[in-house]
Amino acid sequence: MMYALEIFISALLVIGGIFGLTGSYGLMRLKDRMQRLHAPTKASTIGVGTALIGSMLHGLMIGTGFSWQEVLVMVFIFVTAPITANYLSKVHLHSRHYDGKIPETGVSRDWATFDKTTEGAEPLLPSRNTGHDS
Amino acid sequence: MLRRLYPHPYLSLFLVLTWFLLVNQWKIGSLVMAIFLATAIPLITAPYWPTSPKLNSLRALLSYVLLVLWDVILANITVAKIVLFMPQDKIRTNWVRVPIDLKSPEAIAMLAGTITMTPGTVTADMSACGRVLLIHSLHAPDPDAIRDDIKSRYETRLKRIFE
């Protein structure tokens, strides 16, 4: 039983390592900035995920108990990583490497990064909505 | 009264859970601290988050999370294959425009986060009116297929959960 668990944890770590390495290799190999943004999202999901699961199971195995903090690490990574990626791509749209190839919005207003009007977004928060009306 | 003390009940519950996960043990002292945090943090941050989101079904939300985790694993393998084996000139990188029907800001944020976390697509921007998302896709020979996939797989589920 112990032996099987050990094999399982090792397999998780190896898988995580392979995905982390692939992510870093992708950073090197892909050619433009937006493409390169895709590589680290991979390393941060599977790579970190499997390493953390391995670490939690290891805690169980050596008798220090299942460490719940690592569940939180995963939750926080899943919540914060998209925001980083969003900001990186917004910065890219304003940088001098940007080639102006994004499509039109198809609605009356431009993409939020380029929009110069000061009106709020349309899914208005209800309380603000009533504030304007009254 | 209770509503005024706890403007975001789910946030309060989540804070209690987070605190217990952080201290990693069951003690009365931790419970007192957790309840203190669950009361203070929502009250302090309430001005920035005036409305509480509607949550129709907690079970649907959990099954959504599991679905996304599964998709993340599958998409990881696909993207790893593209990065490792696909010749560079064959990679068709494309911008995809996704019109969205969701209205609640929380649901839109969830959708944008989901799209970014599934490797191969990144949410780059939103139209100023909040009705279209701009998505960058690593390999999209057919951008319309990606748009339809996002709408049918994630958006309909989020609509059921939040609206």
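Taking the Cα-to-Cβ direction at A:L93 and at A:F114 and moving 7 Å from each Cα, how far apart do the two end points lie in nm?
For A:L93 paired with A:F114, the spin-label model returns 0.9 nm.
Just tell me how shielded B:63-70 is by partners: mean number of partner chain Cβ atoms within 10 Å of each residue's Cβ, no decimals.
Rounded to a whole number, the mean comes out at 1.
So, counting K/R as plus one and D/E as minus one, what does the shell of residues with Cβ under 11 Å around B:T114 add up to? Mind dumping the intermediate values first?
Numbers: positive: B:R153, B:R157; negative: B:D71, B:E155.
Here the count lands on 0.
Rank A:I46, A:I102, A:I77 by mean-square fluctuation in a GNM of chain A with C-alpha springs under 10 angstrom and give only the top-ranked residue.
Ranking A:I46, A:I102, A:I77 by mean-square fluctuation puts A:I102 first.
For chain A, what is the convex hull volume of the alpha-carbon atoms per residue, in Å³?
167
Determine ³J(HN,Hα), in whole Hz, for all residues of the range A:21-26 in sequence, where each value follows from phi through the Karplus function 6.51 cos²θ - 1.76 cosθ + 1.60 and θ = phi - 60°; x replaces Gly and Pro.
My calculation for the range A:21-26 gives 5, 4, x, 5, 5, x Hz in order.
Strictly greater than 29 Å: what percent of every Cα pair in the protein assembly as shown meets that?
Numbers: 19551 of 43956 pairs.
The calculated P(r) of the protein assembly as shown puts 44 percent of pairs beyond 29 Å.
Quick query: amide H of B:A124 versus all other amide H atoms, modeled in the peptide plane; which residues come in under 5 Å with a sequence gap of 5 or more or a different chain?
Close amide H contacts, sequence-distant or interchain: B:L134, B:I135, B:H136.
How large is ³J(HN,Hα) for each residue in the range B:39-50, as worked out from phi by the Karplus curve 6.51 cos²θ - 1.76 cosθ + 1.60 (θ = phi - 60°), to whole Hz, x for Gly and Pro?
8, 6, 5, x, 5, 5, 8, 3, x, 7, 9, x
Run the simple label-point estimate for A:F66 and B:T45 please: 7 Å along Cα→C-beta, distance reported in nm.
2.6
Can you give the average number of partner chain beta-carbon atoms within 10 Å of each beta-carbon in peptide A:60-68, as a whole number? The partial results should precede the final answer.
Details: counts 0, 0, 0, 0, 0, 2, 1, 2, 7.
Mean shielding count: 1.
Above 20 angstrom, tally the Cα pairs of the range B:26-163 and express them as a % of all pairs, no decimals. Please report the intermediate quantities before stating the final value.
Working: 5415 of 9453 pairs.
Within the range B:26-163, distances greater than 20 Å cover 57 percent of Cα pairs.
Residue by residue through the range A:38-54, what is 3J(HN,Hα) from phi via Karplus (6.51 cos²θ - 1.76 cosθ + 1.60, θ = phi - 60°)? Round to whole Hz and write x for glycine and proline.
Values per residue, Gly and Pro as x: 6, 5, x, 4, 6, 4, 7, 8, 5, x, 5, x, 5, 4, 5, 4, x Hz.
Quote the relative contact order of chain B in percent (integer), defining contacts as alpha-carbon pairs under 8 Å separated by 6+ residues.
Details: 167 pairs, mean separation 38.6, N = 163.
Here the relative contact order equals 24 percent.
Which value in nm describes the separation of the simple spin-label points at B:R153 and A:T80, placed 7 Å from the Cα toward the beta carbon?
Distance between label points: 2.7 nm.
Given the options B:S127, B:S104, B:S30, which has the most mean-square fluctuation in a GNM of chain B, springs set between C-alpha atoms less than 10 angstrom apart?
Evaluated over chain B, the most mobile residue of the options is B:S30.
If you consider only alpha-carbon coordinates, what radius of gyration and Dmax does the range B:79-136 have, in Å?
13.6, 41
Evaluate the charge dipole of chain A about its Cα centre and quote only its size in Debye, nearest 20, assuming +1 on the Cβ of each Lys and Arg and -1 on the Cβ of each Asp and Glu.
Once rounded to the nearest 20, the dipole reads 480 debye.
Given q = 0.24, 0.32 Å⁻¹, what are the Debye log10 I(q)/I(0) values for the range B:19-68, with equal point scatterers placed on the Cα positions and solvent ignored?
Calculated log10 I(q)/I(0) at the listed q: -0.89, -1.00.
Roughly how many Å is it from the Cα centre of the range B:22-65 to that of the range A:22-44, as a whole number?
35
I'd like the distance separating the alpha-carbon centroids of the range A:77-100 and the range B:67-121, in whole Å.
Centre-to-centre distance over Cα atoms comes out at 14 Å.
Suppose a student asked you for the relative contact order of the range A:2-97, using Cα pairs under 8 Å spaced at least 6 residues apart; what percent would you report?
Computed over the range A:2-97, the figure is 28 percent.
With the contact rule set at Cα under 8 Å and sequence spacing of 6 or more, what percent relative contact order holds for the range B:2-48?
50
Springs between alpha-carbon atoms under 10 Å, Gaussian network over chain B: tell me which of B:M126, B:M110, B:M33 tops the mean-square fluctuations.
Maximum among the listed residues: B:M33.
Helix-only mean residue ellipticity at 222 nm, chain B, DSSP H runs n ≥ 4 weighted -39,500 (n - 2.57), per residue, nearest 500. What is it?
Per the formula, -18000 deg cm²/dmol.
Can you show me the helix-derived [θ] at 222 nm for chain A, built from DSSP H runs with n ≥ 4 at -39,500 (n - 2.57) apiece and divided by the number of residues, rounded to the nearest 500.
-22000 deg cm²/dmol
Rule-based calculations on the coordinates, nothing more; no lab input. Note that the structure is a prediction, hence the values are computed from the model and not measured. Positions of Cβ are backbone-derived with ideal geometry, glycine not excepted, and every protein chain shown enters the neighbour counts.
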